[in-house]
Each structure stands twice: as structure tokens, then as C-alpha cells.
Amino acid sequence: MRFKILLDVQKVPQAYRMYLLSFIKEMIKKGDEDVYNQLYDGQKKPKPFTFSFYMNHFELHEEASEYVMKNATLIFSTSDVNIGVAFFNGLSITQKYDHPEYPLKIISKQIGQEKPITSNVVTFNILNALLVEDKTKKPLLISNPTFEQELNIITNKQFQVLYGRQLHEPLKICGHRLKKQVIKETNRHANGKTLFYTAQKGIIRLQGHPEDLRLLYQDGAGIRRAQGFGTLEVIQHG
């Protein structure tokens, strides 16, 4: 399930992913508290959803570490119908998000039409940034010869937890136009410190089983998907 939400928001923190995740978590909790408790039960585990954020007419005010904009669009995607319904129900009973520094209002919301995946080769646009790290937490770029191998390792581990199986077929990278992107972020474990993630943005062509590619399309690719990384949009099949 894929959702497109138009937001009336004038500014967000430069490290905006955790801010948006707090909003998403509140919508899921308002929509179905049981679903929320299953997702956030205190265990560190992958979540079957991803999101991306598009700012309209924005500027970065570096002195305040804020983006200022006219409005923005949030894309939320999940393979789990229960999560999707909970999220949408939360949106339906919410008009505004009363954050002390960065309040927002929901202008409109709609259920997006997912593009069917029937081919074993699909070209994706990465809407935010793809983050891949090895087991030592070292970030990997597409130029690294182990990138494809590590992407498969990460994805197999996620699939095992989320869907009870590994990939039907190994993922192969058939082409790409990726650009390095260093992202500033923080989280509740950082004690107020700024974290830097080395990721990549652009276009990637993946070969794999169509069912696996569909789940990557719905839940995102790479690591930290539920923290606003790895959101994919289908460009073309074959």
C-alpha cells in the first residue's frame, strides 16, 4: 500500500527523518494501537515500511539547521495491509500534528496506485537515499566490489525476519546512475549528537524474483528503511 500526503508545513529540522518518523508512529498508534505495539515492542527489528519526503520551494537555513518551504509531500509505503490501514485511519482522524517547534497540518491524503511488478528486471528511482553498510557498519558505495553481496546479505536478513524466508533469487545490479550523498541525522540513541550517513541517490536497475522486487518496492531497500531511507519508485520493467 502506498500513500501520498500533502502537508501544510513551513519548516522542518535539517535532520528531519526522525521528526517525520514520530509523526508516522503517532498516526499508526491513533489508527490501531495493537498494530503499533506489535511494531514497537522494544525489540530491535526491521519494520515493513518506508517513507520519503519532498519539499516544495525549499531553502536550507544553515544557521538554524532548518529547511524552510512552501509545503511538502510525504510518501508512505508498506507491504503490510494492517499497517497501511492503521496509518490511513490515523490520518483520517487527524487535522494537525502539534509538534512544539515544527507543527504541520494535513491538507490532503490519498491512496496511491502501486505499479505491478511482473518482470525479473526492474529499474527503480530511489526517492530518498539508499544506505548499505557492511557488518562493521562501514558504508558501502556502488563502486565497492562487495556492494551487491552486502545488499543481498542485508536483504536476506530482513526477509527472514519480516516474511519468514530468504530471497527467492539473489539480487543482481544490472545498471545504475547513483550519486554519493552524505546525510545529517540524529536519533534518541545519539544523545543530541549529529550522525552522518553516507548513502546514494539516483537510479538502480535490479534483477531478481518478481515477488522479491515487489516487496523491495513496497518496503524499501537497504538499511534504515523505516527511518526514511531506501524508498523506491518503479521507472520501467525489463
Here is a list: Leu20, Leu7. Which entry is touching a Leu at 6+ places or on another chain (Cβ under 6 Å) and at pLDDT 95 or above?
Leu7
Among the residues in region 132-142, are any farther than 30 Å from Glu62 by Cα, among the charged types (D, E, K, R), surrounded by fewer than 19 Cβ atoms within 10 Å (Cβ to Cβ) and in contact (Cβ under 8 Å) with a residue 40 or more places away in the chain?
no
When region 158-189 is checked residue by residue, the ones that are assigned to a loop (DSSP other than H, G, I, E, B) and surrounded by fewer than 16 Cβ atoms within 10 Å (Cβ to Cβ) are Gly164, Arg165, Gln166, His168, Glu169, Asn187, Arg188, His189
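Residue-wise test of (1) free of Cβ contacts under 8 Å to residues at least 12 places away in the same chain; (2) open to solvent by less than 90 Å² (accessible area, probe 1.4 Å).
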site: Phe3; (1), (2): no, yes
site: Arg17; (1), (2): no, yes
site: Val35; (1), (2): no, yes
site: Leu60; (1), (2): no, yes
site: Ala64; (1), (2): yes, yes
site: Lys105; (1), (2): no, no
With the structure loaded, tell me whether Asn125 is outside any loop (DSSP other than H, G, I, E, B) and surrounded by 14 or more Cβ atoms within 10 Å (Cβ to Cβ) or whether it fails that test.
yes
Need the failing condition index for Thr50 against (1) of a type outside the set (Phe, Trp, Tyr); (2) modelled with pLDDT under 95; (3) within 19 Å of the chain's Cα centre (by Cα), just the number.
(2)
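The values are calculated or read from the model by the stated rules, or taken from the named source; none is laboratory data. Keep in mind the model is a prediction, meaning the values are calculated, not measured. Note that each Cβ is placed from the backbone with ideal geometry, even for glycine, and that neighbours are counted across all protein chains shown. Side chains included, ligands, DNA and RNA excluded: accessible areas come from the protein's heavy atoms. Shrake-Rupley method; radii C 1.70, N 1.55, O 1.52, S 1.80 Å.
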